[in-house]
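Structure first, commentary second.
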Amino acid sequence: MDAFLASTLLVALAEIGDKTQLLSFVLAARLRKPGAIVAGILVATVANHALAGSVGVWIAHWVPADWLRWITGLTFIAFGLWTLHPDSLDGDPRLHPAGAFVTTTIAFFIAEMGDKTQLATVALGARFDALVPVVMGTTLGMMAANVPAVMIGEALAHRLPMKAIRWVAAAVFVATGVATLVF
C-alpha cells in the first residue's frame, strides 16, 4: 500500500504544470473529444509506466541495496529541484487520421518519454520493488492531474496556484529522497 500511495501522490503533484498536462489542455482544446482523450491518456500512461516501473524493478534486483538507496534518494531530490522549473510544450500535436484516441495515445506516450514523471516511475519501481502497485499508483496520479485538465480545460490552468503547487511537489520529492537516504 505504501508503494501505491507514494506513487499516486508523487506523480499527481509532479504532473501539475508538467508538459504532459499542458498537452492535455492542448488536446482538449483542439480535438474536443474528452472521452477519447482520457482513454488515450490512460492507455499511453499504463504502457509507459509499466515499461518504466519494470526498469525500476529490474534495477532493484541488479543494483546493490546500499547503492540503490543512494541512487534513488538523490534521484528524488533531483526531481524535487526539477519540479521547480516550469515545463513548456514544444509544438502543436497533429491529428492522426485514426482520430482523437490514437492521436492522444501516441502524443502522450512520446511526450512522457524522459519526462520527470516517467523517470520518477523508474525510481519508485526501484525504491519499492513492487511493479503493480507502483504502476497503478503512478497511473492514478497521472489521471488525477490530467482528467480535470481535459474536462475543464485551459480555464483551470489559470486558476490554480501553479507556483505553490510546484513548491509542494518539490518538497514532497525532496522529503521522499531524504527519507530514502535516512531510512
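The values are calculated or read from the model by the stated rules, or taken from the named source; none is laboratory data. Since we're looking at a predicted model, the values are computed, not measured. Quick reminder, even Gly has a Cβ in these numbers, built from the backbone with ideal geometry, and neighbours come from all protein chains shown.
What residue, among those in the range 11-20 that are more than 13 Å from residue 82 (Cβ to Cβ) and surrounded by fewer than 24 Cβ atoms within 10 Å (Cβ to Cβ), is nearest to the chain's Cα centre (by Cα)?
So, considering only residues that are more than 13 Å from residue 82 (Cβ to Cβ) and surrounded by fewer than 24 Cβ atoms within 10 Å (Cβ to Cβ), the one nearest to the chain's Cα centre (by Cα) is 12.
Filter the range 97-114 down to the residues that are touching a residue at least 12 places away in the same chain (Cβ under 8 Å) and more than 19 Å from residue 49 (Cα to Cα), then identify the one that is farthest from the chain's Cα centre (by Cα).
Kept after step one, since they are touching a residue at least 12 places away in the same chain (Cβ under 8 Å), are these residues of the range 97-114: 99-109, 111-113.
Now narrow it down to the ones that are more than 19 Å from residue 49 (Cα to Cα): 99-100.
Values: 99: 24, 100: 21 Å.
Within the range 97-114, the match that is farthest from the chain's Cα centre (by Cα) is 99.
Residues that are touching a residue at least 60 places away in the same chain (Cβ under 8 Å), surrounded by fewer than 21 Cβ atoms within 10 Å (Cβ to Cβ) and outside any helix (DSSP H, G or I): does the range 38-49 have at least one?
No, every residue in the range 38-49 fails to be touching a residue at least 60 places away in the same chain (Cβ under 8 Å), surrounded by fewer than 21 Cβ atoms within 10 Å (Cβ to Cβ) and outside any helix (DSSP H, G or I).
Against the definition (part of a helix (DSSP H, G or I), over 17 Å from the mean Cα position of the chain (by Cα) and either touching a residue at least 40 places away in the same chain (Cβ under 8 Å) or within 16 Å of residue 136 (Cα to Cα) (or both)), how does residue 3 come out, yes or no?
no
So residue 143 ticks every box in (1) more than 19 Å from residue 55 (Cα to Cα); (2) at pLDDT below 95; (3) surrounded by fewer than 22 Cβ atoms within 10 Å (Cβ to Cβ) but one. Which box is left unticked?
Tallying (1) more than 19 Å from residue 55 (Cα to Cα); (2) at pLDDT below 95; (3) surrounded by fewer than 22 Cβ atoms within 10 Å (Cβ to Cβ), residue 143 fails exactly one: (2).
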